[in-house]
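To keep things clear, I will list the structure first and then write my remarks on it.
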Amino acid sequence: MTTALSYADIAPITLHMRPVFKVNDEEFYALCQLNQDWRLERTAEGDLVIMPPAGGETGDKNAFVTAFLKIWSLQDGSGVAFDSSTGFTLPNGAIRSPDAAWVPRSRLSSLMPEQKRKFLPVCPNFVVELRSPSDNLKTVQEKMQEYLDNGAQLGWLFDPLARRIYVYRPGVVVECLDNPTTISGDPELLGFVLDLTHMWEASF
């Protein structure tokens, strides 16, 4: 007897491409447009990472973080908040889609219209990743470090099952917060405070 797996049970799949194939930026963008039911990333080594849509609980928590980040961003006005469907081309060549991100307007103003329509050629100043039940913690932690290595100034890695948040800043040891009730983005995101009650408790 076999048991069908839900999307939430499926871990990301990595396809090793080089040296057989090399997918450039334009080809990768076109590939993503052809497979919009899947979230695709490209590593700095050129491997393709295929991620299924999020399960309900993860999607709910992701929407919660993104909504509050967007509201703060609109009120603050100094930058733009992005959701998990946005691709960013990092300086090391990787193309990543964090669960939420924020970039100052001063860094976006120089981009051409064509660049704004496709994957943004910047590393976000602030990134959020939510660990889903199928995610390997070490893999997500390595992705967070990659953001820092490419210019991010602040990163939050949420581990809802453990009720834990890992806070990343360049040049300092990763801070681990156990079951916090709030988290602040100061000083990088001045005035952004997230109430974590919804993050830890199921809303449906």
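Just so it is clear, none of the values below were taken in a lab; they were calculated from the coordinates. Since this is a predicted model, take the numbers as computed values, not measurements. As a convention, Cβ positions derive from the backbone with ideal geometry for all residues, glycine included, and neighbour counts pool all protein chains shown.
Straight Cα distances below 25 angstrom link residue 138 to the lysines 61, with same-chain residues fewer than 8 positions distant left out. One decimal place: the segment residue 164-residue 71 gains 31.1 nm when fully extended, by the rule 0.36 nm per residue minus the C-alpha distance. Restricting the range 35-75 to GluC sites (Glu not before Pro) that sit in a DSSP loop and have at most 16 other Cβ atoms within 10 Å of their own Cβ leaves 45.
Could you check which residue among 111, 154, 69 shows the biggest mean-square fluctuation in a GNM of the chain with a 10 Å Cα cutoff? Its mean-square fluctuation being the largest, the pick is 111. Between residue 106 and residue 178, the contour length at 0.36 nm per residue exceeds the Cα-Cα span by 22.5 nm.
In the range 1-109, which chymotrypsin sites (Phe, Trp or Tyr not before Pro) fall in coil by DSSP and have 16 or fewer other Cβ atoms within 10 Å?
Working: sites: 7, 21, 28, 29, 38, 64, 68, 72, 82, 88, 102; in loops: 21, 38.
Of the chymotrypsin sites (Phe, Trp or Tyr not before Pro), the ones in loops of the range 1-109 whose Cβ has at most 16 other Cβ atoms within 10 Å are 21, 38.
Ordering 13-20, 120-127, 73-80 by mean Cβ neighbour count within 10 Å, with the highest value first, yields 120-127, 73-80, 13-20. For the chain, pairs of C-alpha atoms spaced more than 30 angstrom apart make up 20 percent of the total.
Remark: 182, 139, 89 ranked as 182, 139, 89, counting other beta-carbon atoms within 10 Å and listing the fewest first. When the charge dipole of the range 67-136 is built from unit charges on Cβ atoms (+1 for Lys and Arg, -1 for Asp and Glu) and taken about the Cα centre, the candidate among 67, 80, 108 whose Cα reaches farthest toward its positive end is 108. Comparing 187, 56, 90 along the charge dipole axis of the range 55-200, the residue lying farthest to the positive side is 90, per the Cβ-charge model.
In plain terms, the C-alpha convex hull of the range 28-124 casts an average shadow of 6.5 nm² when viewed from every direction.
Only the Cβ atoms of Lys and Arg (+1) and of Asp and Glu (-1) were treated as charged; on that basis the dipole of the range 55-200 about its Cα centre amounts to roughly 400 debye.
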